[in-house]
Amino acid sequence: MAKTCVLAQIIENSVIAGDVFKLIVTAPAIAGIARPGQFVHLRLTDQLDPLLRRPLSIADCHAANGTLTLIYRVVGRGTMLMTKLQPGDTVDCMGPLGNGFTLTGQRPLLVGGGMGLAPLVMLAKAFCSRPATILMGGRNEQELFWPNMYAGVCPNIHITTDDGSIGYRGFTIDVLPGLLEKEKFDVIYACGPHVMLQGVAAIAAKYKIPCQVSLEEYMACGVGACLSCTCAGTSGKRHKVCTDGPVFWAEEVAW
Amino acid sequence: MAKTCVLAQIIENSVIAGDVFKLIVTAPAIAGIARPGQFVHLRLTDQLDPLLRRPLSIADCHAANGTLTLIYRVVGRGTMLMTKLQPGDTVDCMGPLGNGFTLTGQRPLLVGGGMGLAPLVMLAKAFCSRPATILMGGRNEQELFWPNMYAGVCPNIHITTDDGSIGYRGFTIDVLPGLLEKEKFDVIYACGPHVMLQGVAAIAAKYKIPCQVSLEEYMACGVGACLSCTCAGTSGKRHKVCTDGPVFWAEEVAW
Amino acid sequence: MVSNVNDMLAVNIAGIKMKTPVMTASGTFGFGLEYSDFVDLNQVGAIVVKGTTLAPKAGNSGRRMAETPAGMLNSIGLENPGVEEFIHTIMPRLAKYDVPVIVNISGNTVEEYGQLAARLDKTGVAGLEVNISCPNVKQGGIAFGTCPDSAAQVVREVKAKTTLPVIAKLSPNVTDIALMAKAVEAAGADAISLINTLLGMAIDIHTWRPVLGNIVGGFSGPAVKPVALRMVWQAANAVKVPVIGMGGIMTAADAVEFMLAGASAVAVGTANFVNPYAAVEVAGGIRDYLTERGLNQVSQLVGKVNCG
Amino acid sequence: MVSNVNDMLAVNIAGIKMKTPVMTASGTFGFGLEYSDFVDLNQVGAIVVKGTTLAPKAGNSGRRMAETPAGMLNSIGLENPGVEEFIHTIMPRLAKYDVPVIVNISGNTVEEYGQLAARLDKTGVAGLEVNISCPNVKQGGIAFGTCPDSAAQVVREVKAKTTLPVIAKLSPNVTDIALMAKAVEAAGADAISLINTLLGMAIDIHTWRPVLGNIVGGFSGPAVKPVALRMVWQAANAVKVPVIGMGGIMTAADAVEFMLAGASAVAVGTANFVNPYAAVEVAGGIRDYLTERGLNQVSQLVGKVNCG
Ligand SMILES: Cc1cc2nc3c(=O)[nH]c(=O)nc-3n(C[C@H](O)[C@H](O)[C@H](O)COP(=O)(O)OP(=O)(O)OC[C@H]3O[C@@H](n4cnc5c(N)ncnc54)[C@H](O)[C@@H]3O)c2cc1C
Ligand SMILES: Cc1cc2nc3c(=O)[nH]c(=O)nc-3n(C[C@H](O)[C@H](O)[C@H](O)COP(=O)(O)OP(=O)(O)OC[C@H]3O[C@@H](n4cnc5c(N)ncnc54)[C@H](O)[C@@H]3O)c2cc1C
Ligand SMILES: Cc1cc2nc3c(=O)[nH]c(=O)nc-3n(C[C@H](O)[C@H](O)[C@H](O)COP(=O)(O)O)c2cc1C
Ligand SMILES: Cc1cc2nc3c(=O)[nH]c(=O)nc-3n(C[C@H](O)[C@H](O)[C@H](O)COP(=O)(O)O)c2cc1C
Ligand code: FES
Ligand code: FES
């Protein structure tokens, strides 16, 4: 259960597609206890700029060999620095942070958009005995390297792209109701852009299917101390995305 | 004559001894025009910390193949970052800056202490037709990898160390008067700690030998714009170490 | 007077006995418990908890954090569970540790500060830090902290309502920090802490909107250290009460600078986010520094900068 | 009204016509000539030369510069050759370029400011920047810049003695920047520039002495950007005259933030030391930004931050 902060050694750091990278590091103290939906917080330099850590979901984790897999898109200075990490280098890695998904249900449906597909990889693997179906959305074909990653884990993969370059043309939330009509799912797990999560939550509520969403917020501490990351909860109270989340039951969030 | 700022490619960056490194970079636009005593100003990161450039003397320069050699000691954050540079990497290099030594006289004596020996290497080579004698001082034997560097360039090498582990036990300025008594030198070039330069200047004045000293000051711009680096001059005016210097005639400096 | 490791770092700030001079800054260490996986809370000088108000407070909406060069902006807006929840739920958990707990209090009116002070008296807390310098709330907050008279009024009211040591936390957003320090000292403050955050801003050039939901925010981290150190030096020279220095402290070397400038204790803030072990590592580094220099008590550093 | 590349960036600040809105900040670009190997001075919006006094000034002794996290401290202390040398030796060399030259003036007394203004009238300079905010000199300097009345007095005196456009340069070391801005506007300033340096300090933990010879120094560079941007926004909202924004600008994105906050032009300072091409590169980056967004005049950015 204990969070820790270790110098993780880089095993691999390679381009998957376009500006998306896969980073594999050795961090046994974290890999030994991490659960799907949790994240790590990386310090990328010994210097004072960029100052803050960067949160990344744990996309995969092998307790046995102590490795974590992270999948990241280069969007700014921090992620650009990440691309410089070479095998053999170390990176200051804090984790595992956050609460993770609740593994429940027998017929899970995963819904992921963009980089929201990263944490769902580990979740899908955790469901191996009762394979999950996945509905994935991306901007275009180039972005959809994800199917390979889920192949062999999720027998049913549904795809949408904004431009229709592969799969259905449109958004995951356009396809979701039809999917729920056709098949009986007893739990939905969603991760992706805020509007997508909001849509999934509404649809899940309509179909009365329990639904967990993984939120993203700007974070400083990652451990519930700074209150940078809180979001409005339905109870009237605010939730800390870093410790109460990032995974919430959809009805806990005031959308 | 034109100063420029280029991405210099690293050819070699290796330990010479202890915490002293030799850095060889390709920078034809600078190497083509650099003179002994000039320096370069290196930006060590794309990030904003450490923010400022770091000045390093040009220790050697090959106009033909466009390379510069720098010799640096790791003393803080900037020089520590320098050690990370790998062959093939680039470093933002501004130069050549400063005025350089005036090559005059037929029997030159070079006096160098510690890292002050770096710029004198290039100066010594420039005197090839009328070989210079060198008097070098260091803390201990470990520091005196310099003789190898001057071997074949300076036929006469005199050495002092603080602890006597090699050469004369004491300072260069203890030995200097004896040397001047024994041999007739017609110009002295000195680079090293401020107290050493002050001592050399006083002795040179006493023996009425023209003397140039290379000063060191904290620098921001390196091009005479910020006035961070000025020192008091005998004329009553202040000198900019970065552009009026770093090399001055000893009598120009108000010691 | 045996000088052991503990004695070496021990300080007493206005009656608050600390094992080390390294506290944690309000709002940057939660209630301490959030960092207990990383830091043995018993090894922290003192925990200053998040700014606490009478009623629970939801804080500001919109984005609350932005990174800046070597620093950060926050516009939390004093989100906190309120003083009752603190006393009933949080303090009992903190009481299990052997560490002084200081409550950072914030009111909309002078009276509210007094009520908070009265309520926290005899609840096991070691002291109060009066936050007259929060830039992120509309009422109260910084308004009290940029005017010597109102600052003094708040401190007097708090002193009147509590038996606890009272630390006045000053805002750096003022022309004359020495004047502010003298005003709160004259009003009875037992110690002074500074700096709170500078007021800063960032604009999103894609949306043409402020990055923070609250438009402006509190600016902290190593970037602000030169200002913080200067103000601590000015304040310490202006008053006799102990000064607690903070603002950008990342390392023991930074902490030593603040103590030489006149701080009797220091607090680490933003550093906790970057290095969760900061509070304890900074203290360890100060001990090493003292040892290397043959000193045996951290107080030997306080105010010793030689400006002659 | 053809929109070509030049028109796109052209601005007119209080009658000073600039080809780009990117000026160079006083004290960070020498007299411009020092950077002429790197930058085509004809492509700079305006060159603001080093703070100039009546008599030559040697400046402060001891160490004058220290690096800080993402910033720097300086305590140059207005070393400059004096106004006569400027007029006789430097201005003729600058006059060869097609770039407005603005002289940053600094006096020990209100009268000295007036004398400087009178002396510089009709010497070919394009404007005066009144430095009432230098933290590095004992007399004058910042003392004028932290009190609205004295600031106004200096500006009134300068206005009375010159026909040139007068820019009042404000110090950030104040509680209420809007008040200062309004005071100098009311006194007749044709434009306002800010921020000058924050007051900062660093201490050498090996020697227990201040790092800078002058004890405290002016703090600049990217570290200060959040404070500078906030103050530019506050000042621009308080006055009608154009505001020139500076403080930590390194890139075109930074410059755009300042313009959205309300600056009609910007200046790059410390950035020049890091990137000698900064003044021209920032202007080029602004042009690219405008082009990408389909805008055709840089003034379309000014004050457009949407805080609603
Ligand atoms: C719990 C969590 C898990 C995440 N998992 C992943 C993942 O698996 N893969 C992935 O590619 N991205 C993930 N992100 C987003 C990732 O953290 C940001 O893309 C990254 O921090 C951007 O850093 P930067 O320096 O490149 O960008 P900049 O824009 O330069 O960063 C500036 C600041 O904003 C913050 N920031 C920027 N974008 C985001 C964002 N979307 N969410 C939160 N903070 C942000 C940065 O952390 C930093 O503090 C996750 C975010 C959170 C909160
Ligand atoms: C003209 C000139 C030529 C030089 N040539 C050489 C050389 O050939 N080899 C070599 O090893 N060193 C040389 N130095 C010294 C070298 O610049 C410093 O050792 C280096 O800047 C230290 O950087 P740092 O980040 O490691 O140290 P830090 O102490 O972390 O640096 C902090 C700041 O202080 C400045 N600084 C620190 N020490 C010095 C110093 N001694 N002189 C000037 N600025 C300093 C840095 O540039 C930086 O701005 C030269 C200095 C000058 C002025
Ligand atoms: C996220 C955050 C929240 C803060 N909340 C408070 C607060 O509630 N009360 C307070 O007095 N100061 C608060 N501060 C200010 C800090 O206690 C400290 O004074 C300031 O951050 C300077 O120190 P630092 O640079 O080490 O962070 C907060 C700072 C941060 C970064
Ligand atoms: C080395 C140095 C010297 C300066 N000298 C002056 C000066 O003479 N007059 C003045 O008004 N401002 C002076 N300044 C302040 C700058 O003009 C500018 O206002 C400040 O540095 C903030 O901008 P920056 O962060 O981009 O550097 C100086 C700044 C530096 C760094
Ligand atoms: S990131 Fe600090 S509370 Fe969540
Ligand atoms: S370093 Fe700027 S003038 Fe010499």
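A short reminder: the numbers here are calculations on the coordinates, not readings from a lab. Just so it is clear, the model here is predicted, and its values are computed rather than measured. Glycine gets a Cβ as well: all are built from the backbone with ideal geometry, and neighbour counts include every protein chain shown.
Electrostatic bookkeeping for B:MET115 treats Lys and Arg as +1 and Asp and Glu as -1; over the other residues with beta carbon under 10 Å from its beta carbon, the sum is -1. Whole-percent P(r), chain C, all Cα pairs, 20 Å bins from 0: 37, 59, 5, 0.
Quote the charge dipole size of the protein assembly as shown about the Cα centre in Debye, to the nearest 20; the model charges only the Cβ of Lys and Arg (+1) and of Asp and Glu (-1). Could the numbers behind the result be given before it?
Numbers: 88 positive and 88 negative charges, 128 e Å.
That gives a dipole near 620 debye.
In segment A:62-116, what trypsin sites (Lys or Arg not before Pro) fall in a loop by DSSP, with at most 14 other Cβ atoms inside 10 Å? Within segment A:62-116, the qualifying trypsin sites (Lys or Arg not before Pro) (loop, at most 14 other Cβ atoms within 10 Å) are A:LYS84. Counting Cβ atoms of other protein chains within 10 Å of each residue's Cβ and taking the mean over peptide C:23-34 gives 3.
Translational diffusion coefficient, Stokes-Einstein: compute it for segment B:72-152 using the Kirkwood radius over C-alpha pairs as Rh, at 20 °C and 1.002 mPa s, and state it as an integer in µm² s⁻¹. Each step should come with its number before you reach the end.
Details: Rh = 15.0 Å.
Using the Kirkwood radius from Cα pairs, D works out to 143 µm²/s.
Taking the mean number of other Cβ atoms within 10 Å as a proxy for protection, how do you rank C:7-13, B:92-98 from highest to lowest? Mind dumping the intermediate values first?
Values: C:7-13: 19.0, B:92-98: 25.3.
Most protected by this proxy first, the peptides run B:92-98, C:7-13.
Taking the dipole about the Cα centre of chain B, with the C-beta of Lys and Arg at +1 and of Asp and Glu at -1, give me whichever of B:TRP146, B:VAL91, B:MET122 is farthest to the positive side. Ranked along the dipole, the leading option is B:MET122.
The alpha carbons of chain A give a radius of gyration and a Dmax of 17.5, 54 Å, in that order. The stretch between A:ASP162 and A:ASP89, if pulled fully straight at 0.36 nm per residue, gains 22.5 nm over its current Cα-Cα span.
Past 31 Å, Cα to Cα: identify those pairs from B:LYS3/B:LYS182; A:LYS84/C:LYS57; C:LYS50/D:LYS304; D:LYS96/D:LYS169, in the order given. Working shown, then result.
Details: B:LYS3/B:LYS182 42 Å; A:LYS84/C:LYS57 42 Å; C:LYS50/D:LYS304 35 Å; D:LYS96/D:LYS169 27 Å.
With Cα atoms farther than 31 Å apart: B:LYS3/B:LYS182; A:LYS84/C:LYS57; C:LYS50/D:LYS304.
No solvent, one uniform scatterer per C-alpha: report log10 I(q)/I(0) for segment D:1-124 via the Debye equation at q = 0.10, 0.22 1/Å, two decimals. One equal scatterer on each Cα of segment D:1-124 leads to -0.37, -1.32. Of the residues A:ILE10, D:ALA152, D:PHE31, the one whose Cα sits farthest towards the positive end of the charge dipole of the protein assembly as shown is D:ALA152 (charges of +1 on Lys and Arg Cβ, -1 on Asp and Glu Cβ, taken about the Cα centre).
Short version: what are the Cα gyration tensor semi-axes of segment D:173-298, square root of 5 times each eigenvalue, largest first, in whole Å? Show your work: numbers first, answer last.
On the way: eigenvalues 162, 92, 21 Å².
Ellipsoid half-lengths, sorted descending, are 28, 21, 10 Å.
Taking D:ILE244, D:ILE132, D:ILE286 as the candidate residues, the one with maximal mean-square fluctuation in a Gaussian network model of chain D, Cα springs under 10 Å, is D:ILE286. Taking amide H positions as modeled 1.01 Å from N, with prolines and chain starts lacking one, the residues under 5 Å from A:LEU110 and 5 or more places away or on another chain are A:THR133, A:ILE134, A:LEU135, A:TYR189. Placing a label point 7 Å from the Cα of B:ASP163 along the Cα-to-Cβ direction, the distances to the matching points in the other copies come to 6.8 nm, shortest first. Stokes-Einstein diffusion of segment B:1-69 at 25 °C, 0.890 mPa s viscosity, Kirkwood radius from Cα pairs, rounded to a whole number: 191 µm²/s.
Please report C:VAL130, C:VAL99 as a ranked list, fewest other C-beta atoms within 10 angstrom at the top and most at the bottom.
On the way: C:VAL130 31, C:VAL99 23.
Final ranking by Cβ density, sparse to dense: C:VAL99, C:VAL130.
Build a GNM of chain A with springs between Cα atoms under 10 Å: which of A:ASN13, A:ASN65, A:ASN99 gets the top mean-square fluctuation? In the Gaussian network model the winner is A:ASN65. Between A:ILE33 and B:SER129, the simple spin-label model (points 7 angstrom out along Cα→Cβ) gives 7.6 nm.
In terms of other Cβ atoms within 10 Å, A:SER214, B:SER129 run from fewest to most in the order B:SER129, A:SER214. Efficiency by 1/(1 + (r/R0)^6): what FRET value for B:ARG139 and B:THR234, r their Cβ-Cβ distance, R0 = 35 Å, to the nearest 0.05? My answer for the efficiency is 0.65.
Any idea what the dipole of chain D comes to, in debye rounded to 20, about its Cα centre with Lys/Arg Cβ at +1 and Asp/Glu Cβ at -1?
Values: 23 positive and 24 negative charges, 65 e Å.
Once rounded to the nearest 20, the dipole reads 320 debye.
The orientation-averaged projected area of the convex hull spanned by the Cα atoms of the protein assembly as shown comes to 47.0 nm². Considering only A:TYR218, A:GLY245, A:ALA204, and ranking their Cα positions along the charge dipole of segment A:190-255 that arises from unit charges at the beta-carbon of Lys, Arg, Asp and Glu, the one farthest toward the positive end is A:ALA204.
Net charge within 12 Å of C:GLY114 by Cβ-Cβ distance, Lys/Arg positive one each and Asp/Glu negative one each, not counting C:GLY114 itself? Working shown, then result.
Values: positive: C:ARG119, C:ARG156, C:LYS159, C:LYS161; negative: C:GLU111, C:GLU112, C:ASP121, C:GLU157.
Net of charged neighbours comes to 0.
At a temperature of 10 °C and a viscosity of 1.306 mPa s, determine how fast segment A:168-235 diffuses translationally according to Stokes-Einstein, using the Kirkwood radius over alpha-carbon pairs as Rh; express D in µm²/s, rounded to the nearest whole number.
Values: Rh = 13.7 Å.
Rounded to a whole number, D works out at 116 µm²/s.
Note on segment C:188-236 and segment C:24-87: Cα centroid distance 16 Å, given to the nearest whole angstrom. Across identical copies of the chain, D:ASP288 has label-point separations of 4.3 nm, listed in ascending order, with the point defined 7 angstrom from Cα along Cα→Cβ. For a label point 7 Å from the Cα of D:ASP204 along Cα→C-beta, name the residues of segment D:41-79 whose backbone N is under 19 Å from it. D:60-69, D:72-77, by backbone N distance to the label point. By Cβ position, the chain A residue that hugs the axis carrying A onto B most closely, with its distance in whole Å, is A:ASP49, 2. What FRET efficiency, computed as 1/(1 + (r/R0)^6) with R0 = 60 Å and r the Cβ-Cβ distance, is obtained for C:ALA186 and B:ASP174, rounded to the nearest 0.05? It comes out at approximately 0.50.
Taking the label point 7 Å along Cα→Cβ, A:CYS128 and its counterparts in the other copies are spaced 6.9 nm apart, in ascending order.
Residues whose amide H comes within less than 5 Å of that of D:VAL48, counting only those at least five positions distant or on another chain, are D:THR24, D:ILE102 (H built at 1.01 Å from N in the peptide plane). Taking segment D:76-93 and a reference point 7 angstrom along Cα→Cβ of C:ASN237, the backbone N atoms nearer than 20 Å belong to D:76-78. Across all C-alpha atoms in segment C:43-94, the radius of gyration and Dmax reach 13.9, 40 Å. With neighbour counts taken as other beta-carbon atoms within 10 Å, the residues C:PHE29, D:PHE273 rank, fewest first, as D:PHE273, C:PHE29. When chain D is modelled as a GNM with alpha-carbon springs shorter than 10 Å, which of D:ASN296, D:ASN80, D:ASN131 fluctuates the most? Taking springs between Cα atoms under 10 Å, the residue moving most is D:ASN296. Would you mind counting up the charge near C:PHE258? Only other residues with Cβ under 13 Å from its Cβ, with Lys and Arg at +1 and Asp and Glu at -1. Here the charged neighbours net out to +1. Here C:ARG93 and B:LYS208 are evaluated by their C-beta separation; at R0 = 51 Å the FRET efficiency comes out at 0.05.
Couplings 3J(HN,Hα) of segment C:204-218, computed from phi: 7, 6, 8, 9, 6, 10, x, 5, 8, x, 8, 6, 10, x, x Hz, in residue order, whole Hz [Karplus 6.51 cos²θ - 1.76 cosθ + 1.60, θ = phi - 60°; x for Gly and Pro].
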